[in-house]
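The values are calculated or read from the model by the stated rules, or taken from the named source; none is laboratory data. Quantities reported herein were computed from a predicted structural model and do not represent experimental measurements. Glycine gets a Cβ as well: all are built from the backbone with ideal geometry, and neighbour counts include every protein chain shown. Note: accessible area is taken over every heavy atom of the protein model, side chains too, but ligands, DNA and RNA are not part of it. Shrake-Rupley method; radii C 1.70, N 1.55, O 1.52, S 1.80 Å.
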Amino acid sequence: MAARSIHSISPSKFQLTDNKKRRKISASTPTKSNGKVEVKSSVGKKIDGLQVHSSLFLRGEDFWEIPTDFSLAQAICSYGYFALAPNKWTPASNEEDEDRGVFTRAFRLGAEGVVWASIRQLGSRKSRQDPPKLRVALDRELTKEEQQSVMDGIARMLRIDFDLTDFHEKYPEASERGFGRTFRSPNLWEDMVKTITNCNMKWSGTVRMSRLLCERVGKEGGFPTPEEVSKFSAEWLKTECKLGYRAERIRRLAFSFITTEEEKRIDVEWLEDEKRTSKEVFKKVLGIYGFGPFAAYNVCQLLGHFESFPYDSETVRHFKEEHNAPSKCKLDVVKKMAEKHYATFAPYQFLAYWFELWKGYERRRGSESVRWVVRGNQTESSDLFDVTKKNRKRGRC
């Protein structure tokens, strides 16, 4: 079941320990926002590595049923978009359980609102006595509706409602690790924009575009909403956010999200409806300006259609290195090889492919992705997926 869509989220006053002036927030936070949700207040404390004046805490289990096999670290550090602005990941120390890492980002509330949040996990998927629980710290008070909006975004981002049982039966190694809830954005708009910035571009360019969009367009460093993007000309976006030809595509996409003309509007609920087939979704996305086959397939997998095949030059490289594809092999040949190779994992072909590819990135880094640090730094995030580097020697990834 698809999570509800919100516009987006951002990283601002809720920063890692620094001495910059932060906006004042009321400390008179109620202990309960309704009869169900527990909300606590803390003033002038360091929370999850973040120095804030006031913070609200929300319990994930008050909003959703958290799967007993859930792993925050594996859900976050599983797809490249987690390393793009406005996302930040502070891993647990090597001596700690990997799920003691903290994820931080800004969430957008409607067209103008922003709240910074950090997410951490208590408990463990490996413990029956202390199963996984999530705690969300906010940098300001929210209404019940705003709380629900943020938690809907988190549920979508972490794929809380995705049952991994079938996939893990097909891929025991992924089960042992807890892999399968691949990271995505809190809303479809952000996923689609990042898909555009990821096409025909080196990863370092994708990192730069996301960072500049947050810094120069999004409020308080958050990922910009369609309304915010629509205020700028394509030429300005091209120059100031280094979007190139993508500027016009992203701007037109923004208008498609906010227009009141039904025939021109992107129907998010239709696209996220679990009753839709991958073929239906692919056809619909392919009809949107700026989306070719790779981009459309990538949106499909982000929407949970894991039988989709968003293969590209990385697939070719992977098959040459790991599956003995001929050195001069082209994408069309590799695609056929991949379809045959991953057929046994249907309907989770993409997850099986991505798990292989992800482990390859980790080998190059010489460390597991759950131990990578993401501070929104250009060089730092760009280096994570630098495939020009040889694999580093280390233990099992």
Length added when fully stretched, Thr68-Ile258, from 0.36 nm per residue minus Cα-Cα: 64.6 nm
Using θ = phi - 60° and the Karplus form 6.51 cos²θ - 1.76 cosθ + 1.60, what ³J(HN,Hα) does each residue of segment 159-166 get, whole Hz, x for Gly and Pro? 6, 3, 8, 7, 7, 8, 3, 5
Ranking Phe82, Ala111, Ala92 by how far each Cα lies towards the positive end of the charge dipole of segment 45-161 (+1 on Lys and Arg Cβ, -1 on Asp and Glu Cβ), the top one is Ala92
Too-long pairs where the Cα-Cα distance tops 24 Å, listed order kept, from Lys88/Lys275; Lys283/Lys336; Lys88/Lys320; Lys88/Lys279; Lys194/Lys279; Lys194/Lys264: Lys88/Lys275; Lys88/Lys320; Lys88/Lys279
Shape call for segment 210-323 from the C-alpha gyration tensor, a ≥ b ≥ c root eigenvalues: rounded (a/c under 1.5), prolate (a/b greater than b/c) or oblate? oblate
Can you send over the solvent-accessible area of His341, 1.4 Å probe, protein chains only, in Å² to the nearest 10? 70 Å²
Accessible surface of Thr260 in the full protein assembly, 1.4 angstrom probe, to the nearest 10 Å²? 130 Å²
Order Lys242, Lys264, Lys328 by their accessible area, 1.4 angstrom probe, all chains in place, largest first. Lys328, Lys264, Lys242
Cβ-Cβ cut-off under 9 Å around Val217, Lys and Arg +1, Asp and Glu -1: the net charge is 0
Would you mind giving the three semi-axes, in whole Å and largest first, of the ellipsoid equivalent to segment 123-225 according to its Cα gyration tensor? 29, 22, 11
Only residues of segment 133-177 count here: report those whose backbone N is under 19 Å from the spot 7 Å along Cα→Cβ of Glu380, or say none. none
